[in-house]
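The values are calculated or read from the model by the stated rules, or taken from the named source; none is laboratory data. Here the structure is a predicted model, which is why all the values come from computation and not from measurement. Every residue, glycine among them, receives a Cβ derived from its backbone with ideal geometry; neighbour counts consider all protein chains shown. Just the protein is used for accessible areas: all its heavy atoms, side chains included, with ligands, DNA and RNA removed. Shrake-Rupley method; radii C 1.70, N 1.55, O 1.52, S 1.80 Å.
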Amino acid sequence: MADSWTIMAIALLAGAVDGAVVGMIAIRLAPARIQRTNVDGKKVPAVLGWAIVSGGVTGLLVLVPWLSSMNDCDDTGMCLAPDRWLPLRVVGILLVAMFLVGLWDDLKGDERPRGFAGHLEALRGGALTGGMVKLIGGGLAGLASIYLLDDLVDVPLLLLGGACIALSANLFNLLDRAPGRASKVWLIVAVVVASQSPDWRLWAAGTAGAVIATLPLDLRAVGMLGDAGANPMGAVLGLGLVMGSGSLAALGVIVAVLLGLNLLSEKVSFSKVVEQTPWLARLDHLGRK
């Protein structure tokens, strides 16, 4: 029987193959209403979210036969929870839920209200923006994920964990402003998170494969993540931050940092900061056509 490292590699490869195929199909079939203008003024179909969620779910499905045949612990010392299927269901639901709320926002198009304040002001005026649907949906999906995974229903963990997932999802949406930027940041942070949480790196392997596979399409500006891609990516990484935090205090610090970055984006352009910082600019432009 394959160990967790082998099955993780298989799930990552399956997610990458699926993501590459679905990404190219989505670009070919992209409707005009989901095209966005990128930083270079080029119209790009924001449809790579289909590839992210499809690759992520495919990576989870690869785990099914392995989970069915696995004992409580494998040769590497990784042990399954009593309900071995629960994390698979949670990550799958999180991927699909965040994809759907992101797709809603993508279909709404470019809206005038921006940021937390703009969406709240629109809601007070009786208008439900795509961004508000995304914020509410992301928050509920985050809370539901932590609730399902936390047998003791620790209220502080529930609130902090839910906030971590929602804020991470929104932050990656904010990073999706230049070709490849959000995916590069995701992959860098994911390596760190995976080193802290063996469970997470297994459940997120398909998503990681899809991110890797769609990165060249994003860098060549033939496709964009859009909210439907950035949100599930960020949510899955947020779940990893929760799982790898190690303590409630550490999780509180992570949430504070995520909240600070989200609020900072209301006042500061991340793109300007990147362009004015030489090493960030070099990393941001790496691989772009």
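Points worth noting:
- Counted residues, segment 1-29 - those being modelled with pLDDT of 90 or more and either assigned to a loop (DSSP other than H, G, I, E, B) or more than 26 Å from Val91 (Cα to Cα) (or both): 2
- Taking the numbered list (1) surrounded by 17 or more Cβ atoms within 10 Å (Cβ to Cβ); (2) modelled with pLDDT of 85 or more; (3) over 19 Å from Ala204 (Cβ atoms) in turn, Pro156 passes all entries but (1).
- Filter pass, Leu159 being of a type in the set (A, V, I, L, M) and under 27 Å from Gln35 (Cα atoms): no
- For segment 242-289, the helices (runs of 4 or more DSSP H) that sit wholly inside it and include 1 or more residues that are touching a Ser or Thr at 6+ places or on another chain (Cβ under 6 Å) and open to solvent by less than 80 Å² (accessible area, probe 1.4 Å) are 248-264.
- Evaluated against (1) modelled with pLDDT of 90 or more; (2) over 26 Å from Gly223 (Cβ atoms), Ser145 falls short on exactly one condition, (1).
- Looking across Leu135, Leu100, one residue alone is open to solvent by 20 Å² or more (accessible area, probe 1.4 Å), at pLDDT 85 or above, under 18 Å from the mean Cα position of the chain (by Cα) and closer than 23 Å to Ser54 by Cα. It is Leu100.
- Residues satisfying the stated conditions in segment 3-35, i.e. within 21 Å of Trp200 (Cα to Cα), touching an Asp or Glu at 6+ places or on another chain (Cβ under 9 Å) and open to solvent by 40 Å² or more (accessible area, probe 1.4 Å): Asp3
- Checking each residue in segment 186-230 for being more than 18 Å from Ala30 (Cα to Cα), modelled with pLDDT under 95 and not aliphatic (A, V, I, L, M) picks out Ser195, Gln196, Ser197, Pro198, Asp199, Trp200, Arg201, Trp203.
- Residue in segment 204-213 that is surrounded by fewer than 24 Cβ atoms within 10 Å (Cβ to Cβ), of a type in the set (Val, Ile, Thr) and not in a helix (DSSP H, G or I) present: no
- Residue that is modelled with the highest pLDDT [pool: residues in segment 36-68 that are open to solvent by 70 Å² or more (accessible area, probe 1.4 Å) and outside any loop (DSSP other than H, G, I, E, B)]: Trp50
- Restricting attention to segment 183-192, the residues being among the β-branched types (Val, Ile, Thr) and crowded, with 24+ Cβ neighbours inside 10 Å number 0.
For every residue, the table says whether it meets (1) under 19 Å from Arg288 (Cβ atoms); (2) touching a residue at least 24 places away in the same chain (Cβ under 8 Å); (3) crowded, with 23+ Cβ neighbours inside 10 Å; (4) not β-branched (Val, Ile, Thr).
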residue	(1), (2), (3), (4)
Cys164	no, yes, yes, yes
Phe172	yes, yes, yes, yes
Ala178	yes, yes, no, yes
Arg181	yes, yes, yes, yes
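- Residue in segment 219-231 that is surrounded by the fewest Cβ atoms within 10 Å (Cβ to Cβ), counting only those that are at negative phi and more than 15 Å from the chain's Cα centre (by Cα): Arg220
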